[in-house]
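The next block holds one structure in the form of structure tokens; read it before the comments.
Computed from the coordinates by the stated procedures, all read-outs in this text should not be read as laboratory data. Just so it is clear, the structure is predicted and the values come from calculations on it, not from any experiment. All Cβ positions, glycine included, derive from the backbone under ideal geometry; neighbour counts span all protein chains shown.
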Amino acid sequence: MSEPLLSVKNMKKTFQANGGMFSKKKFVHAVNDVSFDIYPGETFSLVGESGCGKSTTGKLIDHLITPDSGEIWFEGKEISRLSEKEMRPLRSDIQMVFQDPYGSLNPRMKVQDLIGEPLLIHTNMSAGERLKKVHELLGTVGLSPSHGERYPHEFSGGQRQRVALGRAMVRNPAVFLLDEPLSNLDAKLRTSMRTEIIKLHKKLATTFIYVTHDQTEAMTMGDRIVVMKDGMIQQVDTPQNLYDYPCNLFVAGFIGSPQMNFFDVTLKGNEVTFEDGNKLMLPEAILKKLNGKEGEMTLGIRGEDLKMDAQNLELYKENKMKAVITDTEVMGNENNLYFQFGGCQAVARVSKYEISQVGDEIEFLFMPSKIHFFDKETEMNYL
């Protein structure tokens, strides 16, 4: 593996929380001992719920705010304590695209002038050379030369994001830092723009840092993803590994839709007992991974791993369960079936051909190889 392009080491940032005039000062650890490496050419996604510290991490990387402690290394140089003057030569190497680009686009300037402005300031290009470069960039982000004659207010939200990307590209940065770039767009436009950004990344072959609260965006766009909660990193891994091997209860519940099913259970020997008295027998392979662990724990399983087809029901008939459908969601290519089991509501994700109605009794089973067990106190995954 190549050397990291950018490394964040033990970074911390604390803010004072808003309070009343006479209230005691309170502080929020927005970023708490965060470390990761980003490699050349990858898309690295920062994802988590609102307030988890992902956008603050992005601003720290872009030197918009200064960390309380820790280091940020870029191309072999520690940049977190550089002055603004020292940072200026690096500004062209790390370009940020914000959630709402409209605020960063001068409404009195034509788009071709907005995109070409850095070339006017930092190069000796002639007016004709600058215009040619701007037209090339407009084409790269899916806009025509005629769009350059327009003003920002004449563009849709998606088009303004394309303009912001074009402006960021003008100086060939080593890193694009995109902070929630699609969150203000409608669902259909988000999907199309997501595809366009993926194509752009492949075309430019540069490094993208993508900050989002949307797990779908993170999963579809990231080569690797860091999941954050309360300012701390929960897990850094590939999208598939996050889905298949979540390290703790939070990651398991955050990644995937519908959310993973969780049940409070007691394990003794090879027997799992649910709160409602139902029992599940574990195969030897899982018992070996559990390495003798017993007692109260949380069992997790994804909806698609609750099987209802005849073949699996026959293969694992000793673990066949029954429940009554309480609700359904028809998704087109699949159905979500909701039912009460193990003392809580569960959901199975099944093929559109496995049709069930509210009130139907179903038979199902837990795919043994897809079961997760989480510690009740630490919430870490045993398997």
20 Å-binned pair-distance histogram of the chain (Cα, whole percent): 24, 45, 26, 5
Shape descriptors of the stretch 261-375 over alpha-carbon atoms, Rg and Dmax in angstrom, are 14.1, 43
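Just to be sure I understand: of the beta bridges DSSP finds with both ends in the stretch 132-243, what percent are antiparallel, rounded to 5? Before the final figure, lay out the partial values.
Numbers: 5 of 10 bridges.
In the stretch 132-243, approximately 50 percent of DSSP beta bridges are antiparallel ones.
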Calculate, in nm to one decimal, what residue 68 and residue 183 gain on full extension: separation in residues at 0.36 nm each, minus their alpha carbon distance. 38.5 nm
For the stretch 344-383, run through the GluC sites (Glu not before Pro) and keep only the ones in DSSP coil with at most 11 other Cβ atoms within 10 Å of their Cβ. 377
Estimated distance in nm for a label pair at residue 28 and residue 383, the labels positioned 7 Å out from Cα along Cα-to-Cβ: 3.7 nm
Running a GNM on the chain with Cα contacts under 10 Å, which residue among 216, 56, 328 ends up with the highest mean-square fluctuation? 328
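Do any trypsin sites (Lys or Arg not before Pro) in the stretch 97-200 lie in a loop, going by DSSP, with at most 11 other beta-carbon atoms within 10 Å of their beta carbon, and if so which? Display every interim value, and only then the final one.
Working: sites: 108, 110, 130, 132, 133, 150, 160, 162, 167, 171, 188, 190, 194, 199; in loops: 108, 110, 150, 171.
Those satisfying the criteria are 108.
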Using 7 Å Cα-to-Cβ label points, what is the residue 78/residue 257 separation (nm, one decimal)? 4.2 nm
Can you tell me what share of the DSSP beta bridges in the chain is antiparallel? A percent to the nearest 5 is fine. 75 percent
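Given Cβ point charges of +1 (Lys, Arg) and -1 (Asp, Glu) and nothing else, what value in debye, to the nearest 20, does the dipole of the stretch 231-289 about its Cα centre take?
The dipole magnitude comes to about 140 debye.
Stretch residue 322-residue 153 to full length: gain in nm at 0.36 nm per residue minus the Cα-Cα span?
Working it through step by step, the gained length comes to 55.0 nm.
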Top mean-square fluctuation among 174, 205, 285, Gaussian network model of the chain, C-alpha springs under 10 Å? 285
Cleavage-rule hits (chymotrypsin sites (Phe, Trp or Tyr not before Pro)) in the stretch 273-378: DSSP loop, at most 14 neighbouring Cβ within 10 angstrom: 353
Once Lys and Arg get +1 and Asp and Glu get -1 on their Cβ, which of 315, 30, 204 lies farthest toward the positive end of the dipole of the chain? 204
For the stretch 273-290, in order, what is each residue's ³J(HN,Hα) by Karplus, 6.51 cos²θ - 1.76 cosθ + 1.60 with θ = phi - 60°, in whole Hz (x at glycine and Pro)? 10, 7, 4, 8, x, 4, 10, 9, 9, 8, x, 4, 4, 6, 4, 5, 5, 6
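If you put +1 on each Lys and Arg Cβ and -1 on each Asp and Glu Cβ, how big is the dipole of the chain around its Cα centre, in Debye rounded to 20?
Working: 45 positive and 52 negative charges, 313 e Å.
Charge dipole of the chain: 1500 debye, to the nearest 20.
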Short version: ³J(HN,Hα) in whole Hz for each residue of the stretch 354-360, in order, from phi by Karplus 6.51 cos²θ - 1.76 cosθ + 1.60 (θ = phi - 60°), x for Gly and Pro, what are they? 8, 8, 9, 10, 4, x, 6
Quickly work out the residue 191-to-residue 294 label distance, labels modelled 7 Å from Cα along the C-beta direction, and quote it in nm with one decimal. 5.1 nm
What is the list of residues in the stretch 129-151 whose amide nitrogen lies under 18 Å from a point 7 angstrom out from the Cα of residue 205, following Cα to Cβ? 140
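Per DSSP H run of n ≥ 4, the term is -39500 (n - 2.57); total these for the chain, divide by its residue number, and report the mean residue ellipticity at 222 nm rounded to 500 deg cm²/dmol.
On the way: 11 runs with 101 residues, N = 383.
Value at 222 nm, helices only: -7500 deg cm²/dmol.
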